[in-house]
Amino acid sequence: MVVVVVSCAVQGLGILEPFDFAYEVAIRWTAAGCLLGAAAFLAFSELGADYGRGAWDNASGVSAMLELGRRMHQNGLEHADIWLVATGSKEAGLNGMRHFMSTHKLDRPTTYFLNIDAVGAAKLHYVEAEGLLATFRSSKTMLRAAEPAAKRLDATPVRHRELPSDALIPLARGFHALTITSSFEKLPEDRLLSDDSHLDVRDDALLAAADFAEDILRNLDRELGSVE
């Protein structure tokens with residue numbers, strides 16, 4: 001596209017008029033051919049590639065969330081209501097979280113988002129800050145609530161500089177939010193991580209993530225109750 005714009009500018013300024021060869025025509029057709037070739041390659045890759053199984057990212061998060069819901073149903077919080085939300089569409093510009101926040105009227109000071117994202121691997125983490133370009137720090141209140149459980153479960157803090165998680169939307173809008181996630185101690189040797197199959201997910205990691213999420217919520221509930 002840049003090449004086409006430049007060729008139009010060159011033609012408009014008459015820079016190549018002394019030459020008999022129509023350079024601008026050759027440039028535009030070459031650029032058009034490159035664009036068509038790139039489009040054909042992307043279409044072939046998309047149609048020919050296997051679908052993403054989504055076990056680690058993010059069926060593991062949904063599994064931990066359902067276990068958390070089971071525990072909260074048996075023994076809920078004293079000072080807070082809990083919503084369990086499976087947003088979906090994270091890879092499509094975080095559209096699931098955008099839609100949820102646009103269709104619900106939420107009170108900014110009293111609403112807390114705990115994002116459970118890709119928690120099926122061995123090493124448990126909580127995210128201190130995230131953002132690809134602009135960095136948003138996680139809620140100080142929620143970080144404080146995570147620290148006791150992090151020590152017990154050997155969960156370490158990380159800064160997420162890669163593609164954003166669902167927590168980025170509420171963080172950017174001034175809400176309290178925190179992400180818990182996991183990483184592999186070593187990548188699977190017999191298959192690509194992009195396979196993202198159930199073989200990459202550990203049952204004990206899912207339970208640890210549910211424990212971590214539960215402890216964060218209960219610590220947060222106690223802190224909020226002491227303020228009231």
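The values are calculated or read from the model by the stated rules, or taken from the named source; none is laboratory data. What you are looking at is a predicted structure, and each value in this text was computed from that prediction instead of being measured. Here Cβ is always computed from backbone atoms with ideal geometry, including for glycine, and neighbour counts include all displayed protein chains.
Remark: pairs (first residue in segment 153-180, under 19 Å from GLU214 (Cβ atoms); second residue surrounded by 23 or more Cβ atoms within 10 Å (Cβ to Cβ) and among the charged types (D, E, K, R); Cβ separation under 7 Å; 6+ apart in sequence or on different chains) = ALA167/GLU130; THR179/GLU130. Sub-6 Å Cβ pairs linking a first residue in segment 50-72 that is charged (D, E, K, R) to a second residue that is modelled with pLDDT of 95 or more, at least 6 apart or interchain, are GLU67/ALA210; ARG71/GLU214, ordered by first then second residue. For segment 154-181, name all the residues that are surrounded by 14 or more Cβ atoms within 10 Å (Cβ to Cβ) and more than 18 Å from the chain's Cα centre (by Cα). Listed by number, the list holds a single entry, ALA155. Taking segment 159-187 as the range and being hydroxyl-bearing (Ser, Thr, Tyr) and closer than 15 Å to ALA134 by Cβ as the test, only SER165 passes. Residues being within 18 Å of the chain's Cα centre (by Cα) and either hydrophobic (A, V, I, L, M, F, W, C) or over 18 Å from MET65 (Cβ atoms) (or both): count how many of those fall in segment 103-114. Final tally of qualifying residues: 2. Yes or no: segment 125-141 includes at least one residue that is under 24 Å from ARG70 (Cβ atoms) and under 18 Å from the mean Cα position of the chain (by Cα). Yes, some residue in segment 125-141 is under 24 Å from ARG70 (Cβ atoms) and under 18 Å from the mean Cα position of the chain (by Cα). Listed here are the strands (runs of 3 or more DSSP E) enclosed by segment 66-185 that have at least 3 residues being of a type outside the set (A, V, I, L, M, F, W, C): 123-130, 156-160, 176-183.
Is it the case that segment 187-200 has a residue that's assigned by TED's automatic domain parsing to the domain that holds ILE82, in contact with an Asp or Glu (Cβ under 9 Å, 6 or more places away or on another chain), under 27 Å from PHE100 (Cα atoms) and at pLDDT below 90? Scanning segment 187-200, I find at least one residue that is assigned by TED's automatic domain parsing to the domain that holds ILE82, in contact with an Asp or Glu (Cβ under 9 Å, 6 or more places away or on another chain), under 27 Å from PHE100 (Cα atoms) and at pLDDT below 90, so the answer is yes.
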